[in-house]
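**Q** Before I ask anything, here is the structure I am working with.
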Amino acid sequence: MMTDFWDKNDLPKGNTVLIEGPLRSGHKIDYDGNVVVMGDVNAGAEVRATGHIIIFGALRGMVHSGAQGDIHAKVLALMLFPTQLRIADHITCPPQGYEEIAGKAPEVAQITGGKVVIEQLIV
Amino acid sequence: MGEVIVITSGKGGVGKTTTTANLGTALAMMGKRTVLLDTDIGLRNLDVVMGLENRIVFNLVDVAENRCRLNQAMIKDKKLDTLSLIPAAQTRDKTAITEAQMEKIARTLKKDFDYVLIDCPAGIEQGFKNAVAGADRALVVTTPEISAVRDADRVIGLLEAAGLPHPEVIINRVRFDMVRRGEMMGIDDIIDILAVELIGIVADDEDIVISTNKGEPIAKNQLSAAGKSFRDVARRLAGENVPFQDVGGGRSLWRKVCAVFNR
Ligand SMILES: Nc1ncnc2c1ncn2[C@@H]1O[C@H](COP(=O)(O)OP(=O)(O)O)[C@@H](O)[C@H]1O
Ligand SMILES: [Mg+2]
């Protein structure tokens, strides 16, 4: 038996959407599932997902993962510098001085100990 | 067959009209048959910037409503015989003309001209839709301010949706001293966000205000750096490879990685 790869028939269907970026100001995504964006999400753009949000680019806009209350949902971006970031019912924005350190490495935002915590992704 | 180019921005006051006047002048100086179309109905001022206000008899709305023929509304430039202007109406509003009428006018004009430059009003409503309707190509003017760049980004999205997928950007009113001090967004920062081609950089220059007030576009002034910047854009529009002056402020390695997917 081969167990080290996924058979595509065993994977759940339609729970993740892949979107080609950049998402520009005024663009809006609202998805029941996970969202992967290839490209930047610019300020003025919004991405909302009931699951995780992964951005292969710079995040400058507004994102909301776990939009229906999933506190385990994450936001991951190559450059994480959102206007505002929400996970479940937590609303945060980058602290002052954050632009000095933002963008040095991919980062992940998640709820840890009841708070949204942003950490560098170890790769 | 000529090319119809719309000059737009989203935000007002960033330099659309100034750019239209100067690019038109520069293209005409290169011998290109060029016509400028002011679509800022109700707030016309391209005629003032060109110093042609006192020659207006008919305007764009008169053409659309068949009160005159297209060439009756065309005003010849004071000096350049390859350049003319079709002014906007001052006493009407943006709903005085439709997208279909604009498309027809643009289609007719490009049979006789190398370049049809459309000066777009601010905003993203009917006036914008009209200005974009007949365009083959779009230039987006922005200044190095966050609000202007944000609006440029919005407009680029709308242009893409309207079937103009590769707008080019002119960054106007750059203050290089402020960029060097880190007090103003740099060229690379702006292009990083907008992820489109750069076609021009114009410095903030009070001589532009002076020349505008005189109705003499600065592109005619061979001694002015801003004039040269506009002439460079005209040459790039015409397909020449004109290098940009080195303005510094490169990107960090990481930002390059981020930009990969956008190009
Ligand atoms: N590079 C520049 N340096 C200095 N002033 C400028 C420059 N570009 C435009 N201006 C001035 O800014 C004002 C607005 O420009 P305008 O072209 O009318 O903008 P828009 O058509 O986008 O509303 C005008 O007074 C113009 O003279
Ligand atoms: Mg104007």
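**Q** Could you check the range B:68-97 and list, in sequence order, the residues that are out of contact with any Pro (no Cβ under 9 Å at 6 or more places or on another chain), open to solvent by less than 10 Å² (accessible area, probe 1.4 Å) and in a loop (DSSP other than H, G, I, E, B)? Talk me through it step by step, then tell me what you get.
**A** Looking only at the range B:68-97, we keep the residues that are out of contact with any Pro (no Cβ under 9 Å at 6 or more places or on another chain), and these are B:68-72, B:74, B:76-87, B:89-93, B:95-97.
Narrowing further to those that are open to solvent by less than 10 Å² (accessible area, probe 1.4 Å): B:83-87, B:89, B:97.
Within the range B:68-97, B:P87, B:A89, B:I97 meet the criteria.
**Q** Modelled with pLDDT of 95 or more and open to solvent by less than 20 Å² (accessible area, probe 1.4 Å): does that describe A:G69?
**A** No, not satisfied.
**Q** Between B:T8, B:T18, B:T25, B:T39, which is of a type outside the set (A, V, I, L, M, F, W, C), within 18 Å of the chain's Cα centre (by Cα), crowded, with 24+ Cβ neighbours inside 10 Å and away from ligand 2 (no atom under 12 Å from the Cβ)?
**A** Numbers: B:T8 fails: away from ligand 2 (no atom under 12 Å from the Cβ); B:T18 fails: away from ligand 2 (no atom under 12 Å from the Cβ); B:T39 fails: away from ligand 2 (no atom under 12 Å from the Cβ).
So the residue among B:T8, B:T18, B:T25, B:T39 that is of a type outside the set (A, V, I, L, M, F, W, C), within 18 Å of the chain's Cα centre (by Cα), crowded, with 24+ Cβ neighbours inside 10 Å and away from ligand 2 (no atom under 12 Å from the Cβ) is B:T25.
**Q** Of the residues that sit in the range B:98-156 and are more than 16 Å from ligand 2 (Cβ to nearest atom) and in a loop (DSSP other than H, G, I, E, B), which one is surrounded by the most Cβ atoms within 10 Å (Cβ to Cβ)?
**A** B:A135
**Q** Something else now. Only one of these is in contact with a Cys (Cβ under 9 Å, 6 or more places away or on another chain) and either within 14 Å of another protein chain (Cβ to nearest Cβ) or within 16 Å of ligand 1 (Cβ to nearest atom) (or both): B:A88, B:A131, B:A152, B:A148. Name it. Please lay out each step first, then the result.
**A** Values: B:A88 fails: in contact with a Cys (Cβ under 9 Å, 6 or more places away or on another chain); B:A152 fails: in contact with a Cys (Cβ under 9 Å, 6 or more places away or on another chain); B:A148 fails: in contact with a Cys (Cβ under 9 Å, 6 or more places away or on another chain).
When all the criteria are applied, what remains is B:A131.
**Q** Let me ask something else about it. What number of residues within the range B:42-56 satisfy the criterion of being under 14 Å from the mean Cα position of the chain (by Cα) and farther than 12 Å from B:I86 by Cβ?
**A** Selection size over the range B:42-56: 2.
**Q** On to the next question. Which residue pairs have Cβ atoms under 8 Å apart, sit 6 or more places apart or on different chains, and have a first residue in the range B:228-257 that is at pLDDT 95 or above and a second that is open to solvent by 80 Å² or more (accessible area, probe 1.4 Å) and assigned to a helix (DSSP H, G or I)?
**A** Final answer for the pair search is B:V242/B:R235.
**Q** Within the range B:39-61, which residues are in contact with a strand residue (DSSP E or B) (Cβ under 7 Å, 6 or more places away or on another chain) and not in a loop (DSSP other than H, G, I, E, B)?
**A** Hits for the range B:39-61 are B:L46, B:D47, B:R55, B:L60.
Conditions (1) closer than 20 Å to B:I170 by Cα; (2) away from ligand 1 (no atom under 14 Å from the Cβ), marked per residue:
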residue	(1), (2)
B:V4	yes, yes
B:I7	yes, no
B:K11	yes, no
B:T25	yes, no
B:G31	no, yes
B:D40	yes, no
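**Q** Looking at the range A:75-94, is at least one residue touching an Asp or Glu at 6+ places or on another chain (Cβ under 7 Å) and more than 28 Å from B:A148 (Cβ to Cβ)?
**A** Of all residues in the range A:75-94, those touching an Asp or Glu at 6+ places or on another chain (Cβ under 7 Å) come to A:77, A:80-81, A:88.
With the extra rule that they be more than 28 Å from B:A148 (Cβ to Cβ), the set shrinks to A:88.
Among the residues of the range A:75-94, at least one is touching an Asp or Glu at 6+ places or on another chain (Cβ under 7 Å) and more than 28 Å from B:A148 (Cβ to Cβ), which makes the answer yes.
**Q** What's the total number of residues in the range B:159-177 that are surrounded by fewer than 20 Cβ atoms within 10 Å (Cβ to Cβ), part of a helix (DSSP H, G or I) and of a type outside the set (D, E, K, R)?
**A** Applying the first criterion (surrounded by fewer than 20 Cβ atoms within 10 Å (Cβ to Cβ)) to the range B:159-177 yields B:160-166, B:168, B:175-177.
Checking the rest, the ones that are also part of a helix (DSSP H, G or I) come to B:160-161, B:176-177.
Right, trim to of a type outside the set (D, E, K, R) and you get B:161, B:176.
Here the count works out to 2.
**Q** Would you point out the residue of the range B:228-247, among those that are under 21 Å from B:G186 (Cβ atoms) and basic (K, R), that is least open to solvent (accessible area, probe 1.4 Å)?
**A** Once the filter is applied, the top-ranked residue is B:R236.
**Q** Among the residues of the range B:42-67, how many are touching a residue at least 60 places away in the same chain (Cβ under 8 Å) and either away from ligand 1 (no atom under 14 Å from the Cβ) or surrounded by fewer than 21 Cβ atoms within 10 Å (Cβ to Cβ) (or both)?
**A** 5
**Q** Could you pull out every one of the strands (runs of 3 or more DSSP E) wholly within the range A:33-82 that has 1 or more residues that are free of Cβ contacts under 8 Å to residues at least 24 places away in the same chain? Quick ask: steps written out before the conclusion?
**A** Numbers: elements: A:34-38, A:46-49, A:53-59, A:62-65, A:75-80.
In the range A:33-82, the matching strands (runs of 3 or more DSSP E) lie at A:34-38, A:46-49, A:53-59, A:62-65.
**Q** While we're looking at this one, here's another question. Given A:L59, A:L80, which one is at pLDDT below 95 and either more than 14 Å from chain B (Cβ to nearest Cβ) or surrounded by 22 or more Cβ atoms within 10 Å (Cβ to Cβ) (or both)?
**A** Just one listed residue meets the conditions, A:L80.
**Q** Cβ-Cβ below 8 Å, separation at least six or inter-chain, first residue in the range B:1-25 and on the phi > 0 side of the Ramachandran plot, second at pLDDT 95 or above and of a type in the set (D, E): which pairs?
**A** Every condition considered, the pairs that remain are B:G10/B:D151.
**Q** Still on this structure, please answer the following. Please find, within the range B:157-175, the residue that is farthest from ligand 2 (Cβ to nearest atom) out of those that are more than 14 Å from chain A (Cβ to nearest Cβ) and touching a residue at least 24 places away in the same chain (Cβ under 8 Å).
**A** B:R175
The values are calculated or read from the model by the stated rules, or taken from the named source; none is laboratory data. The model shown is predicted, which means the values in this text are computed figures rather than measured ones. Note that each Cβ is placed from the backbone with ideal geometry, even for glycine, and that neighbours are counted across all protein chains shown. Accessible surface areas use protein heavy atoms only, side chains included; no ligands, DNA or RNA. Shrake-Rupley method; radii C 1.70, N 1.55, O 1.52, S 1.80 Å.
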